[in-house]
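Novice: Please find one structure pasted underneath; my questions will follow.
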Amino acid sequence: MKPMGSHPANRWRVDAARCDLTRAGRPPVRPVSITAEPQSVVVDANRSALVIVDMQNDFCAKGGYLDSRGIDISPDRAPIAPLQALVPVLRQHGVPIVWLNWGVRPDLLNIHPSLLHAHTHDGTPPGLGERIPGGAEILTRGGWGAQIVDGLVPEPGDVHVTKHRFSGFWDTELDSILRNMGLATLFFAGVNADQCVMTTLEDASFLGYDVLMLRDCVGTTSPAYCMQATEYNVKLLYGFMTDSASLTAGLEAAA
């Protein structure tokens, strides 16, 4: 019989006489124990992925959107080093990497006024999709600001999803891709932890995914109390807080 489907987790087998819908190619459970808060967890590594949110030039690089506004981008650059260490480990253990980045249409036809207002309260340019003086258009799909920041290197086989809201699930193909891959547990990294990372994590929880935020792999340029509130709400309402060392230790212990 011939396989039919883009991913082994959701693949039929077919021939002229019948279709096998059992999806027998799904991998077996691969339990991994991870120290986390408010409780330690056991996840299935074969149904888990890392979602890296908005580690892109407009948030993390000199000359980008935040830097052009005079904002200290060092907190948004802090996740680069731990991700450089973690991502190869996850690839080695067969855990998919999902890059989720802003990228708006140049004509902004699907961007409503409240989202424009979030990027320039009084309408003074540059705002979303407009050019930074001497730089690129802010968060525009295909532009420099939407590119992954230097120091983080995607590889063939990684998944890329473009978003145009704070949550990566709103009006994107993210949910369809994750479900087709048979995923249930999502580890979250990226920036800003209290904004795009948090809204995406919240929506993931609402959609039924298990969610864990990696404390050392997220950052925010917001005041410290915003991160405190983010961690509090993740642990209280949505899922779990852990870190890259605990994830790495769990994977290596289970190998």
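The values are calculated or read from the model by the stated rules, or taken from the named source; none is laboratory data. These numbers come from a predicted model, not from an experiment. All Cβ positions, glycine included, derive from the backbone under ideal geometry; neighbour counts span all protein chains shown. Ligands, DNA and RNA are stripped out before the accessible areas are found, and what is left, the full protein with its side chains, is counted by its heavy atoms. Shrake-Rupley method; radii C 1.70, N 1.55, O 1.52, S 1.80 Å.
Novice: Return a whole-number percent for the relative contact order of the range 1-133, with Cα pairs under 8 Å and 6 or more residues apart as the contact set.
Specialist: 15 percent
Novice: By how many degrees, between 0 and 90 and to the nearest 10, does the Cα long axis of helix 224-233 differ from the longest principal axis of the chain?
Specialist: Roughly 30 degrees, rounded to the nearest 10.
Novice: Of the residues Asp15, Asp67, Asp210, which exhibits the maximal mean-square fluctuation in a Gaussian network model of the chain defined by a 10 Å Cα contact cut-off?
Specialist: Asp15
Novice: Okay, moving on. With N denoting the number of residues in the range 104-255, provide Rg(C-alpha) divided by 2.2 N^0.38 Å, to two decimal places.
Specialist: Ratio of Cα Rg to 2.2 N^0.38 Å: 1.14.
Novice: How much accessible surface area, in Å² rounded to 10, belongs to the heavy atoms of Tyr238 with a 1.4 Å probe?
Specialist: Estimated to the nearest 10 Å², Tyr238 gives 50 Å².
Novice: Here is a follow-up. Dipole magnitude of the chain about its Cα centre, charges +1 at Lys/Arg Cβ and -1 at Asp/Glu Cβ only, in debye to the nearest 20?
Specialist: 880 debye
Novice: Still on this structure, please answer the following. Where does the Debye-calculated log10 I(q)/I(0) of the range 101-165 sit at q = 0.16, 0.20, 0.23 Å⁻¹, using only Cα point scatterers of equal weight, no solvent?
Specialist: -0.57, -0.82, -1.00
Novice: Report the equivalent ellipsoid semi-axes for the range 19-77 in whole Å, largest first, defined as the square roots of five times the eigenvalues of the gyration tensor built from alpha carbon atoms.
Specialist: 40, 19, 7
Novice: Cut-off 10 angstrom, C-alpha nodes, Gaussian network model of the chain. Which of Asn180, Asn110, Asn46 fluctuates the most?
Specialist: Among Asn180, Asn110, Asn46, the largest GNM mean-square fluctuation belongs to Asn110.
Novice: Percentage of Cα-Cα pair distances in the range 142-225 greater than 21 Å, rounded to whole percent?
Specialist: Roughly 31 percent, rounded to a whole number.
Novice: Let me ask another. Using 10 Å bins from zero, what percent of all Cα-Cα pairs in the chain falls into each bin?
Specialist: The distribution over the chain is 7, 30, 34, 19, 8, 2, 0, given as percents.
Novice: To continue, here is another question. With every protein chain kept in place and ligands, DNA and RNA left out, what is the accessible area per residue of the range 87-149? Probe 1.4 Å, answer in Å².
Specialist: 48 Å²
Novice: In whole percent, what relative contact order does the chain give with Cα contacts below 8 Å and a gap of six or more residues?
Specialist: 24 percent
Novice: Right, another one. Just to be sure I understand the model, the point goes 7 Å from the Cα along the line to the Cβ. What's the resulting Arg26 to Asp171 distance in nm?
Specialist: Computed distance between label sites Arg26 and Asp171 equals 3.3 nm.
Novice: Beta carbons within 10 angstrom, averaged per residue: use that to sort the peptides 139-145, 79-85, highest first.
Specialist: The most tightly packed comes first, giving 139-145, 79-85.
Novice: Would you mind calculating the relative contact order of the range 124-219 from Cα pairs under 8 angstrom and at least 6 residues apart, reporting the percent as a whole number?
Specialist: Relative contact order comes out at 19 percent.
Novice: Which value at 222 nm does the chain reach when only helices count, each DSSP H run of 4 or more adding -39,500 (n - 2.57), with the total divided by all residues and rounded to the nearest 500 deg cm²/dmol?
Specialist: Rounded to the nearest 500, the figure is -7000 deg cm²/dmol.
Novice: From the alpha carbon gyration tensor of the range 184-252, can you work out the equivalent ellipsoid semi-axes (sqrt of 5 times each eigenvalue) and give them in Å, largest to smallest?
Specialist: Over the Cα atoms of the range 184-252, the semi-axes work out to 18, 15, 10 Å.
Novice: Moving to a separate point now. Roughly to the nearest percent, how much of the accessible area of the range 124-191 is carbon and sulfur, given a 1.4 Å probe?
Specialist: Of the solvent-accessible surface of the range 124-191, carbon and sulfur hold 52 percent.
Novice: First obtain the Kirkwood hydrodynamic radius of the range 1-105 from its Cα pairs, then insert it into the Stokes-Einstein equation at 25 °C and 0.890 mPa s, and state the resulting D in µm² per second as a whole number.
Specialist: 140 µm²/s
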